[in-house]
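Trainee: I am attaching a structure below and will ask some questions about it afterwards.
The values are calculated or read from the model by the stated rules, or taken from the named source; none is laboratory data. Model, not experiment: these values are computed from the prediction. All Cβ positions, even for glycine, are placed from backbone atoms using ideal geometry, and neighbour counts span all protein chains on display.
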Amino acid sequence: MTVASGGPPLDRLCALVKRESLGGAYALLTFEHEEVSRALAGQFAMIQPEISGDLLLRRPFSIMDVDSATGRFTIFLKAVGAGSKAVFDLRAGERARVLGPLGHGFSLPAASERVVMVGGGYGVAPFALFSRVLKPSPPFHLFYGGRSAAELPLVRELERRGIPLTLSTDDGTRGEKGRVTGPLVPALSVGEGTVRLYACGPEAMMHAVAGIAAEREIPCEVSLDPWMGCGIGTCLGCVVKIQEPGEGRPRNRPACTEGPVFDSRRVIWPQGGPA
Ligand SMILES: Cc1cc2nc3c(=O)[nH]c(=O)nc-3n(C[C@H](O)[C@H](O)[C@H](O)COP(=O)(O)OP(=O)(O)OC[C@H]3O[C@@H](n4cnc5c(N)ncnc54)[C@H](O)[C@@H]3O)c2cc1C
């Protein structure tokens, strides 16, 4: 069972209070939004600059950190297309329309479980907040993978927070060379307690992690990343196929309201599966 928000989402026109460039297409953006500052790990917000030309739709971004005392929240953003670039280009003091917090967060582990998180690319973002929630126990570890060292811009921030990390890159420029699942697999059988897996990143990565979990009968949650139009279950742009136990066939579920976090055993992957 995933954890729903304590409060309803609110649409606010709010200020960008801090912008920190992380190099290349990456930045940390902090906004003032009281309701989102109480978000749970795994929830997200739909964001669009106040002045955004012909961009009709907001874009979804995971909540990377919150500070309910100041009413602020932070996202870790990679500019990939027009919508994310418009948010990336915001300067401190400019305003954005922010709707959130949205979706369901990650389930909390039992005290006896060992948490293993797997983040690929910008998918690492929710694990910064989740690690804060987990501290000081149960034990947790984050596997963070990217194409190259330049695609792991959050490492310093995660280290600063004292999050135990294993890094990997496809080209070997940082951490272990190869896919993030390379160092993950042996780590699953080392250490005390039963493991609970959480993954967020490119679909192929989450599919692979879901396969590893299924093979070993490890509980696993994935935060899916479909194209999303409204964030409130109306446009149905983000439907994913989910097979619930007791239902005769998989059903299309909006990832924005019923996810984005799902039990990996329930997900019907476009690639087939489990991997
Ligand atoms: C729940 C959720 C949480 C997210 N959290 C973050 C986050 O914390 N940080 C962050 O930087 N981004 C995050 N994203 C992704 C971000 O919203 C996308 O980058 C954005 O929707 C793409 O919009 P765009 O206008 O920039 O690109 P577009 O112009 O719409 O697309 C640019 C290119 O990216 C492809 N693309 C667009 N969306 C996706 C997608 N979801 N998956 C794969 N390919 C896609 C398009 O096909 C196109 O090739 C999240 C997405 C979801 C659904």
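Trainee: Could you grab the pairs with beta carbons closer than 7 Å, sequence gap of 6+ or different chains, first residue in segment 186-203 and of a type in the set (D, E, K, R), second one assigned to a strand (DSSP E or B)?
Mentor: Hits for this filter: 192/114; 196/113; 196/115.
Trainee: Kindly list the number of the only condition in (1) touching a Leu at 6+ places or on another chain (Cβ under 6 Å); (2) assigned to a loop (DSSP other than H, G, I, E, B) that fails for residue 116.
Mentor: (2)
Trainee: Further question: Can you give me the number of residues within segment 241-261 that are in a strand (DSSP E or B) and touching a helix residue (DSSP H, G or I) at 6+ places or on another chain (Cβ under 8 Å)?
Mentor: Number satisfying all stated conditions: 1.
Trainee: With the structure loaded, tell me whether residue 80 is closer than 25 Å to residue 153 by Cα, more than 11 Å from the ligand (Cβ to nearest atom) and under 17 Å from the mean Cα position of the chain (by Cα) or whether it fails that test.
Mentor: Considered against the rule, which asks whether it is closer than 25 Å to residue 153 by Cα, more than 11 Å from the ligand (Cβ to nearest atom) and under 17 Å from the mean Cα position of the chain (by Cα), residue 80 comes out as no.
Trainee: Do we have any residue at all in segment 85-93 that's over 20 Å from residue 230 (Cβ atoms), in contact with a Pro (Cβ under 7 Å, 6 or more places away or on another chain) and either of a type in the set (Asp, Glu) or in the same structural domain as residue 14 (by TED's automatic domain parsing) (or both)?
Mentor: Within segment 85-93, one or more residues are over 20 Å from residue 230 (Cβ atoms), in contact with a Pro (Cβ under 7 Å, 6 or more places away or on another chain) and either of a type in the set (Asp, Glu) or in the same structural domain as residue 14 (by TED's automatic domain parsing) (or both).
Trainee: Which residue, of 110, 96, is crowded, with 19+ Cβ neighbours inside 10 Å and more than 12 Å from the ligand (Cβ to nearest atom)?
Mentor: The unique qualifying residue is 96.
Trainee: Having 2 or more residues that are within 15 Å of the ligand (Cβ to nearest atom) and at pLDDT 95 or above is the bar; report the helices (runs of 4 or more DSSP H) wholly within segment 119-228 that clear it.
Mentor: 125-134, 155-160, 203-216
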